[in-house]
Amino acid sequence: MMSRPGGLWALLLLLVSPSSGGPSGVSSPPPCPVACRCNAERGVDCSGRGLTAVPDGLSVFTNMLDISMNNITKLPEGAFKGLPYLVELRLDANHIVSVPDDSFEGLVQLRHLWLDDNSLTEVPVRPLGNLPSLQALTLALNKITHIPDYAFSNLSSLVVLHLHNNKIKTLGPHCFDGLDSLEALVIRGASDIQWFPNLTGTVNLESLTLTGTKIRSIPLNLCQEQKMLRSLDLSYNEITSLAGLKGCGSLEEVSLQHNQISEVQNESLQGLISLRMLDLSRNSISRIHHDAFSTLASISKLDLSFNQLSSFPPGGLHGLTQLKLTGNPTFRDSLSAKDFLKLQSVSVPYAYQCCAFSACDSYMTSPAEDDGSKYQKLLLDHEKGAIEDYMISEEVKDHVQTVVHCNPSTGAFKPCEFLLGSWMIRLTVWFIFLLAVIFNVIVIMTMFASCSTMSSSKLFIGLIAICNLFMGIYTGILTVLDTASWGQFAEFGIWWETGSGCKVAGFLAIFSSESAIFFLTLAAIERSLSAKDIIKKEKSQHLKKFQIASVVALFLAIAAGCLPLFHVGEFSSSPLCLPFPTGETPSLGFTVTLVLLNSLAFLVMVITYTKLYCTLEKEDLSENAESSMIKHVAWLIFTNCIFFCPVAFFSFAPLITAISITPEIMKSVTLIFFPLPACLNPVLYVFFNPKFKEDWKLLRWHLAKKRGSVAVATSAQRGCVTQDFYYDFGMYSHLQGNYAVCDYCESVLLKNPPPCKHLIKSHSCPTLAVVPCHRSENYWSDIGTQSAHSDCADEEDSFVSDSSDQVQACGRACFYQSRGFPLVRYAYNIPRMKD
């Protein structure tokens, strides 16, 4: 029987207890501080209130208190003494500098304590000794520099300890003694620690994270002391060897990225029978023993990215589901899908290595295909509820092909079979290649081998033809490569993109494209200045200046072609060896610069020729020999600009998310429109410019002369012919139209009436370059010259009406040249050079 005073005290306790009700039987809520929020689970949230001290008025039954993200700098003594039921206490993200010894006195049930992100300079050893039930402690993001011996010896129940992101310089040799229940230890950013900590007191440790230190080796007895260890993270250290991992039979996850490991030896990973994940990325591994992975029976994830591997042993990795080999540029071997039957995700250095895991190549044997089809049928039947009628063997399941996600993926610009893709593209590229080479060679020969007068316009046409020939050679390289790798381009792709051949092809493409545009711009400017000189009846004096400008343009084009060799843009971004933008700053900047520079060049051309044609509306240059070159350059500007626009647009298409364009279309446009001007430019000149016909006939005459079929001796002009001037009958038909009108004859004829002007318009009135038109007075008489009346021409023909001897001479030359008769057979005077 209870005594009377004892019964009275019991009655009073029942009256004040929160479970006791009033007259209506409803319990009264516990008190809650004004600046906080309380919930029905007896939790109090005072976070982010700007508090400078622990709030008053907390209920004695509070089990969770959050005072994080305030401005508390110091905890008062006995601050939580009246909270015996407190289980969780958050004091993180304050400015706490020190913790008094009895701050946590009375918190016998506290299990979780957050003291991270404060300004503590030492471990509060004594206050922590008052927390016998503590299971999780976070002291991260402080300014702690030293962990003393036995700092946590009274925390026998501690399971998780976080000490990361401090400025720890030293660890006491017995600092972790007494942590018998510790399962997870995290230390990051202790950059001054050089030795592995002593963990003899943590026999139940399952997860160890020790990163950002200067540790160079793993203790050989680590796994003998930590037999329960399952997860080990030693990233961002200076470890050079894997010797300490031998025999760690309980390890399931190992992270060793960002270390200095150079080799994986045969015995390094022996005994890791439970290992599921191994991360060795961003080391300096150059060699892996062929049996290094043979005992890893449980391995499913392996990361060897960003090392220096040149080979990779697949032995023992049949159960692998995730493999990362990207970032090993020297690893160029092909992988076999048969070595990785369960692989689901793989990252490789080159897209061509993904061809082994594509849908058509993943499994090559026909029995496997039959078994896979059978299994797929069974799965469909299972959906219909008929699976009980079939017995699916494990062998059949193993043959079923799984979808492998491979990165970087193959596609139009990373083909597995054919470089040029469809037959339409292939035939078009072959056609462009043949035309570009043949016609550009013809133009170059007629420009530089015919010994005709080299004007500024012809100089630029010849230089453009040379550039276009280089583009033709580039196109020919692609066609030859497509033929040599027929149906198996994946085996050649890595070799091609990383070799010097792709660099040479890329240089030819960029150099020829840029130089052709630069020379065309100069040609447009030259034609404009030349037209002004013709209108003013002045002789052009710009050849020297344009020769210098050509040299400057040549060096600019060479620089543009060489920049990708110094990783400003990359030729190896595609097998076409063109620096397509990849999103990286150097590549994108290079592409943008080229497109803007070419756009500016075409803008200059258009403005220059627009002003030229506005000027020509007031003048008539149709009778001038240079009018054909003005028209020809106009055609070049128009066609080249038309073909430049789609190439420029598709160069930026991958960076414009709003535009959906398939890689196949981009590749087709690039292969056709990019080299197309190289074959069209010479074709326009050969078939539509009368200057070509003149130079072609002169070239044929020189070739015939070298064979000895024509006996000619003339005064040498530019070293083309010999001393005296004699013609056989019929020889002038080979020379007609091959020499430009001399300045004097042209200027005289241009001042005469239309009956004489039409000769220049129709036939360019060319006279022999070796014949000086302007002689002293009375020189054009019949004395001392060859003169013979024609017995072939129609004597009723009349061709000039001017009485000037000089005009008569030039007019007769034009007339009989147009009729195709031998020059020596007509009644006009040809002065001897020796006279």
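The values are calculated or read from the model by the stated rules, or taken from the named source; none is laboratory data. Keep in mind that this is a model prediction, so the values were computed, not measured. Note that each Cβ is placed from the backbone with ideal geometry, even for glycine, and that neighbours are counted across all protein chains shown.
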*Scan 448, 460, 470 and give me the residue that is under 20 Å from residue 557 (Cβ atoms) and either in contact with an Asp or Glu (Cβ under 7 Å, 6 or more places away or on another chain) or of a type in the set (Lys, Arg) (or both).*
460
*asked:* For the stretch 136-151: of the residues being touching a strand residue (DSSP E or B) at 6+ places or on another chain (Cβ under 7 Å) and not aliphatic (A, V, I, L, M), which is farthest from residue 105 (Cα to Cα)?
replied: 146
_Every residue from the stretch 106-149 that is in contact with a Cys (Cβ under 7 Å, 6 or more places away or on another chain) and among the charged types (D, E, K, R)_ = 149
*asked:* I want to confirm something. Restricting to the stretch 575-603 and keeping residues that are at pLDDT below 85 and part of a loop (DSSP other than H, G, I, E, B), which single residue is nearest to the chain's Cα centre (by Cα)?
replied: 582
*One residue from 86, 107, 141 being within 56 Å of the chain's Cα centre (by Cα) and assigned to a loop (DSSP other than H, G, I, E, B)*: 141
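Of the residues 38, 46, which is within 52 Å of the chain's Cα centre (by Cα) and either buried (at least 18 other Cβ atoms within 10 Å of the Cβ) or among the hydrophobic types (A, V, I, L, M, F, W, C) (or both)?
Exactly one residue qualifies, and that residue is 46.
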*the stretch 387-437 - residue that is at pLDDT below 90, outside any loop (DSSP other than H, G, I, E, B) and out of contact with any helix residue (DSSP H, G or I) (no Cβ under 7 Å at 6 or more places or on another chain) and, of those, surrounded by the most Cβ atoms within 10 Å (Cβ to Cβ)*: 398
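Let's see how each residue does on (1) of a type in the set (A, V, I, L, M); (2) farther than 18 Å from residue 471 by Cα; (3) in a loop (DSSP other than H, G, I, E, B):
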residue	(1), (2), (3)
538	no, yes, yes
546	no, yes, no
553	yes, no, no
557	yes, no, no
564	no, no, no
*Scan the stretch 259-273 and give yes if some residue there is assigned to a strand (DSSP E or B), out of contact with any Cys (no Cβ under 6 Å at 6 or more places or on another chain) and touching a residue at least 12 places away in the same chain (Cβ under 8 Å), otherwise no.*
yes
*Find all pairs meeting these conditions: Cβ atoms under 7 angstrom apart; at least six residues apart or on different chains; first residue within the stretch 651-665 and part of a helix (DSSP H, G or I) and surrounded by 10 or more Cβ atoms within 10 Å (Cβ to Cβ); second residue modelled with pLDDT of 65 or more and polar (S, T, N, Q).*
651/591
*Among the residues of the stretch 87-102, is any surrounded by fewer than 17 Cβ atoms within 10 Å (Cβ to Cβ), of a type in the set (A, V, I, L, M) and under 22 Å from residue 141 (Cα atoms)?*
yes
*Please verify whether the stretch 503-520 includes one or more residues that are part of a helix (DSSP H, G or I), within 22 Å of residue 612 (Cα to Cα), out of contact with any strand residue (DSSP E or B) (no Cβ under 8 Å at 6 or more places or on another chain) and of a type in the set (S, T, N, Q).*
no
*Just give me the residues in the stretch 283-313 being of a type outside the set (Ser, Thr, Tyr), part of a loop (DSSP other than H, G, I, E, B) and out of contact with any Ser or Thr (no Cβ under 7 Å at 6 or more places or on another chain), in sequence order.*
283, 289, 290, 291, 293, 296, 297, 299, 312, 313
*Exactly one condition in (1) assigned to a loop (DSSP other than H, G, I, E, B); (2) surrounded by fewer than 22 Cβ atoms within 10 Å (Cβ to Cβ) is not met by residue 126; state its number.*
(1)
